[in-house]
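Engineer: Sharing a structure, written as structure tokens. Questions coming.
The values are calculated or read from the model by the stated rules, or taken from the named source; none is laboratory data. Please read these numbers as outputs of a predicted model, since none were measured by experiment. Cβ placement follows ideal geometry from the backbone for every residue including glycine, while neighbour counts extend to all protein chains displayed. Quick note on the areas: whole protein, heavy atoms, side chains included, nothing else; ligands and nucleic acids left out. Shrake-Rupley method; radii C 1.70, N 1.55, O 1.52, S 1.80 Å.
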Amino acid sequence: MCGIAGIVYKDGNLHNVGDDMTNMLNALQHRGPDSAGFALYGGLGLEEDEYILNIQLENTDKNLLRKVQDQINMISPIESDRLMSTTENANLYQCKLKLEDFHMLKPLIQQVDNIDDSVVVINGEHSFSMIKDVGSVLDIADNYNTRSIKGTHAIGHTRFSTESGVDLYHAHPFQTYIIRDISLVHNGQITNYWKVRDPLERKGHVFETNNDTECLVHYIADKIDSGYSLEEALEHSVEDMDGPFSYIVSTPNGIGIAKDKLGLRPGVMAETDEIFAIASEEVSLGKVIDTSEVEQIYPGEVRVFEI
């Protein structure tokens, strides 16, 4: 099962993307009760060298907080010199910092992760907000105040687990730090997962889970980093990936969707002068766009819409 959704506002301005994506995903809740997630682009307003780290701590012990802060400050001073709690009911923290180069972000994340088993960096971000957790779409939206977030485009996911753990770390979207701010949501299975992953690891890609969606986002990022366009990367994935799948990938510039050659996972889209939207089911599209003219994503088809 699983439900996937994406939306782009064609004018490139900030819109109520958090509210729209919440409504789209809630309409797909029946496809995945285990967890849900959002990647909401364009609303952070950070400077070119600024990044945000989202960190989970098992407890709020002051010594542990200080260790995390000290480790980050060794590389880049935290704005206001402290971690900020992001929710009232979870040990999730956030900090903003500056880095001279994007490629410093992954090593920093690894150093913070290595402090203690009770410390996990959920992600680092520059031009998008990633929000994901175990539970229903509406509960997550309430806990993280997702409806208030504005942006230019977004993707989202409701998960029905068929492999790997049911927890925050295996919830979608997935991202990689090969290129900046790429994220991906996926419905289906990549049956030649290890065959695809092995050459990526040999190139230096570092995987955090055994989830096949993480392999997909690494694959697409690697193609783009090698000079392929997003559309070309998606076309290659249709040839190289085995199994039933449809997935949506987002970059700071827009979104794209790809479906396996047999068309074993659903995908529909609709478009107006203002909005381009994609989802697993028409009921999701109907929350944000006129569905009088809905198109099917055909087997082996690739669609890209960039701002």
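Engineer: Of S237, S250, which residue is surrounded by 24 or more Cβ atoms within 10 Å (Cβ to Cβ) and within 16 Å of T176 (Cβ to Cβ)?
Structural biologist: Exactly one residue qualifies, and that residue is S250.
Engineer: Okay, next question. Yes or no: Q110 open to solvent by less than 60 Å² (accessible area, probe 1.4 Å) and farther than 21 Å from I155 by Cα?
Structural biologist: Here the answer is no, as Q110 does not meet what is asked.
Engineer: Spot the failing condition for F160; the list is (1) aromatic (F, W, Y); (2) modelled with pLDDT under 95; (3) open to solvent by less than 40 Å² (accessible area, probe 1.4 Å), and only one is missed.
Structural biologist: Going through (1) aromatic (F, W, Y); (2) modelled with pLDDT under 95; (3) open to solvent by less than 40 Å² (accessible area, probe 1.4 Å) one by one, F160 breaks only (3).
The rows are residues; the columns are (1) open to solvent by 70 Å² or more (accessible area, probe 1.4 Å); (2) farther than 16 Å from S129 by Cα; (3) among the small types (G, A, S); (4) under 20 Å from the mean Cα position of the chain (by Cα).
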{"site": "D34", "(1), (2), (3), (4)": "no, yes, no, yes"}
{"site": "I52", "(1), (2), (3), (4)": "no, no, no, yes"}
{"site": "K67", "(1), (2), (3), (4)": "yes, yes, no, no"}
{"site": "F102", "(1), (2), (3), (4)": "no, yes, no, yes"}
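Engineer: Let me ask another. If you go through the stretch 273-288 one residue at a time, how many are more than 15 Å from L25 (Cβ to Cβ) and open to solvent by less than 20 Å² (accessible area, probe 1.4 Å)?
Structural biologist: Final tally of qualifying residues: 1.
Engineer: Give the residue, chosen from Y93, Y41, that is within 20 Å of the chain's Cα centre (by Cα), modelled with pLDDT of 95 or more and of a type outside the set (G, A, S).
Structural biologist: Y41
Engineer: Right, next: Under 8 Å between Cβ atoms, which residue pairs at least 6 apart in sequence (or on different chains) link something in the stretch 195-221 that is assigned to a loop (DSSP other than H, G, I, E, B) with a partner that is of a type in the set (G, A, S) and surrounded by fewer than 24 Cβ atoms within 10 Å (Cβ to Cβ)?
Structural biologist: T209/S164; N210/S164; N211/S164
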